[in-house]
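The values are calculated or read from the model by the stated rules, or taken from the named source; none is laboratory data. Predicted model only: the values in this text are computed from it and were never measured. Virtual Cβ from ideal backbone geometry, glycine too; neighbours counted across all protein chains shown. Please note that ligands, DNA and RNA were not included when accessible areas were found on the heavy atoms of the full protein model with its side chains. Shrake-Rupley method; radii C 1.70, N 1.55, O 1.52, S 1.80 Å.
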Amino acid sequence: MNSIPGPYSVLGPKANMFKFFRRPFTFQRWLHDTYGSIVALGQGSKPSTVFAFGPEMNRQILTNPDFFEVSSAFVKIPQNTVLGDMFYHNLMLMSGQKHRQHRRLMQPAFQHDQIVRYGQDMAMITERLADEWRGRTEIELNAEMKKLTQRIAVKTLFGMQDEHEMDHMGELIYRLTKSILLVTLAPVNIPLTPYHRALGIAGQLNERIRSMIHNKRQHLDSKPDVLAALIRAHDEDGTALTDEELVGHTFSLYVAGHETTANALTWTLFLLIQHPEVYSGVMDELNAVLNGDPPALEQLGRLPLLDGVIKEGLRLMPPASIGTRITAAPSELGGYSLPERTNVFF
């Protein structure tokens, strides 16, 4: 079978990976335009890293979990640390039986009744933030969308009521997530290093979330937030999530639901402004269905134009636009053979 096409560097594949990390989208566009839908970094029959482009490649990768396992190729955090515990207890980094069990334990937090409650919180927090905009002629859209999704994530995950507390908790998590890449490059635990600062923030977060877990266990029946639902969840044999797993899952849910959602909202609003006729249509649809009231879950199915606008915004400007997998066994992708432990970016 032929070798996968790709760029050659006398410095090896790492030189090309440096180009990728420096300008990921420009570099990937160049790879696709130059070499096609599957590209290897480094020549030979056993590439260590492959880039795959397009829906057919995505389908092959995402529908074969036995061959293409989840991977943390972007981020390498030392395990057996408070930071590692928060990062690796993460549904996105689990596979097989462990993934199925944790997904089953997390499912009650996202049942219909829970979603209705979260929706009510989302509407309330959005109205409060909009009130803060009154009298202003200009807002910095992405910053305000991050503030909005941060407050929503903290409220729905942890049940916090006070907006000052929401903002403080969100700021801690934001500072931690922004330091992850530097931590990966230099995990050196000495004062003033990014890793040392990240461990300090992770310690604060871990302590606060564990304190909330302890308090919620005393009054579980009255708590409608995600963390309380995760604490209540147990398998048929009585297995429940440990405190370490609860901290990790709530942290990863926050990371997955905060900045990505803020960016999706920002780009969708940006695109609507570019198409005033569509913007006008969305407003007419909202006014006709909602009549000025906050939306209820059952009304969302009566907003097809809004649904289409959001999906098109996600298609054009996906907030999570790069994924990684690693081959669990010798595999085939796009007609090429991949050895075991090949990193695949898609």
Query raised in the report: To the nearest 0.05, what FRET efficiency results for Thr177 and Leu290 with a Förster distance of 22 Å applied to their C-beta separation?
Result: 0.05
Report task. Just check segment 61-116 against the gyration tensor rule for me: Cα atoms, a ≥ b ≥ c as the square roots of the eigenvalues, rounded for a/c under 1.5, and otherwise prolate or oblate depending on whether a/b exceeds b/c. Result -> oblate
Query raised in the report: Given the pairs Lys146/Lys216; Lys155/Lys216; Lys19/Lys311, which are separated by over 21 angstrom at their Cα positions?
Result: Lys146/Lys216; Lys19/Lys311
Requested in this report: Would you please calculate the Kirkwood hydrodynamic radius of the chain over all C-alpha pairs and express it in Å, rounded to one decimal?
Outcome: 22.7
**Report entry** 10 Å Cβ shell holding at most 11 others, DSSP loop, GluC sites (Glu not before Pro): longest site-free stretch of the chain
**Finding:** 1-137
Report summary line: segment 27-141 accessible area per residue, 1.4 Å probe, protein heavy atoms, integer Å², reads 59
**Report entry** Under-5 Å amide H pairs with Leu338, H placed in peptide plane, nonlocal only
**Finding:** Ser331, Glu332, Leu333
Query raised in the report: Counting only heavy atoms of protein chains, what accessible area per residue, in Å², does segment 188-231 have with a probe of 1.4 Å?
Result: 54
Report summary line: Sparse-neighbourhood loop hits (trypsin sites (Lys or Arg not before Pro), segment 60-161; DSSP loop; Cβ within 10 Å at most 15 others) -> Lys76, Arg134, Arg136
Query raised in the report: What nm distance separates the two modelled labels at Gln299 and Asn2, each placed 7 Å from Cα along Cα→Cβ?
Result: 5.7
Query - Inter-label distance for Asp167 and Asp113, nm, one decimal - labels placed 7 Å from Cα along Cα-to-Cβ - result: 3.5
Query raised in the report: Which percent of the accessible area of segment 65-174 is formed by carbon and sulfur heavy atoms (probe 1.4 angstrom)?
Result: 51
Report task. Answer rounded, prolate or oblate for segment 193-307, using the Cα gyration tensor with square roots of eigenvalues a ≥ b ≥ c: rounded when a/c is under 1.5, else prolate when a/b is larger than b/c, else oblate. Result -> oblate
Report summary line: In this structure, the FRET efficiency calculated for Asp235 and Asp33 from their beta-carbon separation, with R0 = 41 Å, to the nearest 0.05, is 0.25
Query raised in the report: Does segment 271-325 classify as rounded, prolate or oblate by the C-alpha gyration tensor (a ≥ b ≥ c root eigenvalues; a/c under 1.5 gives rounded; else a/b over b/c gives prolate, otherwise oblate)?
Result: oblate
Requested in this report: Heavy atoms only, probe 1.4 Å: what % of the accessible area of segment 280-346 goes to carbon and sulfur, would you let me know?
Outcome: 54
